[in-house]
Amino acid sequence: MIQRLVKMTFQTEQTDTFLANFEQVKDRIRQFEGCSYLKLLRDKNQPNVLFTYSYWENESNLDAYRYSDYFKNVWSKTKILFDDAPQAWSVDKRETLN
């Protein structure tokens, strides 16, 4: 399983636009083949900084999403709202403590 974290910094005045867009696409992203979890997080001190956190069965599923026409459409509407370049990490879970 791959866990994917994407940090996005939006123009302050465009943050609500992103949130409205995300509301419209989140279910379809979550239902994409291989995606078993999707969460949107917001920085407590910088409200224009948001993160998506998702679980993918494998690299092939993540790549299928990233290269899909659906992603290209969503990303084209998202990237114009940025104030800084996005950052993304694919990580493997090493340990969980409860």
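Quick look at the values:
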read-out	value
Segment 16-39 residues that are at positive phi and at pLDDT 95 or above, paired with ones that are open to solvent by 60 Å² or more (accessible area, probe 1.4 Å) and not β-branched (Val, Ile, Thr) (beta carbon under 6 Å, 6 or more apart)	34/57
Residue that is nearest to residue 38 (Cα to Cα) [pool: residues in segment 78-95 that are among the charged types (D, E, K, R) and modelled with pLDDT of 95 or more]	79
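The values are calculated or read from the model by the stated rules, or taken from the named source; none is laboratory data. A quick note: this is a predicted structure, and the numbers were derived from the prediction, not measured. Glycine also receives a Cβ, built like all others from the backbone with ideal geometry; neighbour counts cover every protein chain displayed. Note: areas computed on protein heavy atoms with side chains; ligands, DNA, RNA excluded. Shrake-Rupley method; radii C 1.70, N 1.55, O 1.52, S 1.80 Å.
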